[in-house]
Amino acid sequence: MNFAQLGICPEILEAIDMLGFETPSPIQEQAIPPALDGADIVGLSHTGSGKTLAFAIPALESIDPALRAVQVLCLAPTRELAVQICREVDKLAMYLDGVSAVPIYGGASFGPQLSALKRGVQFVVGTPGRIIDLMEQGELRTDAVSTLILDEADEMLDMGFQEDIERIVVSLPEQRQTLFFSATMSHPIRELIKRISHDPREIAVERPVLTVPTCEQVAYEVLFSSRIEVLSRLIEMGRMKRGLVFANTKRVVDDVVDGLLARGYSVDRLHGDMPQTLRERVMESFRKGNLNVLVATDIAARGLDIDDVDMVVNFELPREPEDYVHRIGRTARAGRKGRAVTFFGRRDFSLMGRIERFVGTRMQREQVMTADEVEQMRREALVDDILEKAARSHELPEELRDLDMPEEKLMCAMFHLLAERASREIQPIPEDRPKRHGRVAEDELPVEKGNDWSLQESVTLFMNAGKMLHIRPKDIAGLLYNEGGAPKGSIGDIRMFPKHSLIEVSPEVAPRLVERLATASICGYEVNIREDKGRPAPRPSFRNNDDFRPRERQRRDRDSRDSRKRETRFYDRFNRRPRRG
């Protein structure tokens, strides 16, 4: 089947042809025809299955170009996804005169978004928080919306957007079409579908097998500045005999290679700025085993065919879940075992969730190897090398035959000498500090006001969100425990005000919480958390400054005298008595 058989209008078909799409994917083939007929759709499909076209094409066909008002409203969980969807919509609408789309999301200036709404954009793609802000300000009118789209609905519910979605739905016209797409179908999602849709048609697309079971997938939560050191420890512990390291940009590739070369490892780079001859030379060296590590970008690594890669490292999370599958597919080939290691930071949780839902597997979280563990592994590896060498050679070197020294003492000296020569100075990183916290189960979270006691010694944190955003104390406690990693019992009183909240925490956990949650998301809103410094000191007022009053009074008196003198001269000039002759 081709796209023309789905009943799509000629203008969109021409755009599809220009974009290079030839045949519809299963979700597109099953969802587009009933959606064009006006039916509500519930599409169960994984990321990367082509569902953007499945809902964008029917939505575009429902738009009246002559009506300069919002007619299609699409909700997405993240700003990145909103921008991506809007780009695809713009491409599909390239031959539809008078039809335009705009992404609306928090963390960006209101100006361009308001300008687009005032021009009369018909297709709005946005995150729930910013959509509600503009609706409450009266800048985004929804009385002409005929199509509502919810993309990645499961992720939106996981991020706490359910109440926001329901607030938006209440403001929409009752007579509308709802296109609902999710990777999973949980009970909360089913309940939401019942409330916002009318007799929907459910379409499910079976997820293909994306990763092989022989590939072990692990993840390390690591600061970006620590990642080269952690990568070095993986190499030294023998976990990467021949590895591929992926980064998103050429600059990061160069930084990683320079850092590993400075540590004495056999490593080279592969990115788009390199001439083809040099790239082929590097690849040949890697295939022959002259290089232990190859650091590359996704584009440069396309088409790599190397069977004996034992580890793939995602130095940065890929921007798209499909790229993650392509990356880790370089290991565990031909029935061999492999290991895929991913580095991520505290701001990558949303993208990590998207990738894990896409592949259908949760990566195993592991702790970074400490300096002591690396040193122990080094010494054990050295002993193994000595025993392997001793099994092949039994003759004592001539230089050692005349030494009058016990064999045990000689072996001890040789071992320590080899250990010192083979060792690299391990650089300390923040991850070496012992972790005294962990995630707290939901049933252990405080229900109302954090703990109903005040800490004897505490630090007060300030959060720029309060009652006006309908945030509850237990929402704040959940953020601090689960995302901030606060130990149980370290959160005290939570005081909420209309526009801000004050949270008492233990002094030892305050710096960690500020570092992890300086910018965070709670109930769909972006918030900032910092240490509370109290009320700012009042600015000096000259009216209350006693030293200023005499000078001010003198100036006023002087001005008053000058004014009277001018008035007297003016009067005398025009009211002189005539001179006598």
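The values are calculated or read from the model by the stated rules, or taken from the named source; none is laboratory data. Computed from a prediction, not measured in an experiment: that's the story for all the values here. All Cβ positions, glycine included, derive from the backbone under ideal geometry; neighbour counts span all protein chains shown. Note: areas computed on protein heavy atoms with side chains; ligands, DNA, RNA excluded. Shrake-Rupley method; radii C 1.70, N 1.55, O 1.52, S 1.80 Å.
Of the residues making up the stretch 39-55, those that are crowded, with 20+ Cβ neighbours inside 10 Å and free of Cβ contacts under 8 Å to residues at least 40 places away in the same chain number 1. Among the residues here, Arg530 does not qualify as open to solvent by 10 Å² or more (accessible area, probe 1.4 Å) and more than 25 Å from Tyr105 (Cβ to Cβ). Of everything in the stretch 91-111 that is in contact with a Gly (Cβ under 6 Å, 6 or more places away or on another chain) and not hydrophobic (A, V, I, L, M, F, W, C), the residue that is surrounded by the most Cβ atoms within 10 Å (Cβ to Cβ) is Tyr105.
Is it true that some residue in the stretch 167-174 is modelled with pLDDT under 90 and among the polar types (S, T, N, Q)? There is no residue in the stretch 167-174 that is modelled with pLDDT under 90 and among the polar types (S, T, N, Q).
For the stretch 190-227, taking the residues that are assigned to a helix (DSSP H, G or I) and buried (at least 21 other Cβ atoms within 10 Å of the Cβ), the one that is modelled with the highest pLDDT is identified as Arg227. Pick from the stretch 129-186 the residues that are in a helix (DSSP H, G or I) and β-branched (Val, Ile, Thr): which of them is surrounded by the most Cβ atoms within 10 Å (Cβ to Cβ)? In this case the residue turns out to be Ile131.
Could you tell me whether Asp97 is in a helix (DSSP H, G or I), over 19 Å from Arg201 (Cα atoms) and among the charged types (D, E, K, R)?
No, not satisfied.
Of the residues contained in the stretch 496-512, none is found to be at pLDDT 60 or above, out of contact with any His (no Cβ under 6 Å at 6 or more places or on another chain), farther than 19 Å from Val459 by Cβ and surrounded by 13 or more Cβ atoms within 10 Å (Cβ to Cβ). The test for being modelled with pLDDT under 85, closer than 30 Å to Arg79 by Cα, of a type in the set (S, T, N, Q) and not in a strand (DSSP E or B) holds for Asn482.
Scanning the stretch 3-38 for residues that are within 18 Å of Val205 (Cα to Cα) and either open to solvent by 20 Å² or more (accessible area, probe 1.4 Å) or part of a loop (DSSP other than H, G, I, E, B) (or both) yields Thr23, Pro24, Ser25, Pro26, Glu29, Gln30, Pro33. Number of residues in the stretch 151-180 that are of a type outside the set (A, V, I, L, M, F, W, C) and closer than 22 Å to Gly38 by Cβ: the value is 8. Taken over the stretch 397-423, the criterion of being modelled with pLDDT under 70 and hydrophobic (A, V, I, L, M, F, W, C) is satisfied by Ala419, Ala422. There is no residue in the stretch 319-327 that is open to solvent by less than 60 Å² (accessible area, probe 1.4 Å), basic (Lys, Arg) and at pLDDT 90 or above. Of everything in the stretch 63-90 that is surrounded by 18 or more Cβ atoms within 10 Å (Cβ to Cβ) and under 20 Å from Ala4 (Cα atoms), the residue that is farthest from the chain's Cα centre (by Cα) is Ile63. Taking the stretch 352-395, which residues are more than 30 Å from Pro77 (Cβ to Cβ), part of a loop (DSSP other than H, G, I, E, B) and either at pLDDT below 70 or open to solvent by less than 90 Å² (accessible area, probe 1.4 Å) (or both)? If the condition is that a residue be more than 30 Å from Pro77 (Cβ to Cβ), part of a loop (DSSP other than H, G, I, E, B) and either at pLDDT below 70 or open to solvent by less than 90 Å² (accessible area, probe 1.4 Å) (or both), then Met369, Thr370, Ser393, His394 are the ones that fit. Residues of the stretch 288-297 include at least one that is at pLDDT 85 or above, in contact with a His (Cβ under 6 Å, 6 or more places away or on another chain) and either open to solvent by 50 Å² or more (accessible area, probe 1.4 Å) or not basic (Lys, Arg) (or both).
I need the full set of residues from the stretch 228-242 which are among the aliphatic types (A, V, I, L, M) and modelled with pLDDT under 90, in order please.
The answer is Leu234, Ile235, Met237, Met240.
Among the residues of the stretch 245-267, is any surrounded by 13 or more Cβ atoms within 10 Å (Cβ to Cβ), under 24 Å from the mean Cα position of the chain (by Cα), of a type in the set (Asp, Glu) and under 20 Å from Gly345 (Cβ atoms)? Among the residues of the stretch 245-267, at least one is surrounded by 13 or more Cβ atoms within 10 Å (Cβ to Cβ), under 24 Å from the mean Cα position of the chain (by Cα), of a type in the set (Asp, Glu) and under 20 Å from Gly345 (Cβ atoms), which makes the answer yes. Scan (1) at pLDDT 70 or above; (2) outside any loop (DSSP other than H, G, I, E, B) for the single condition Ile426 breaks and write down its number. All conditions are met except number (2).
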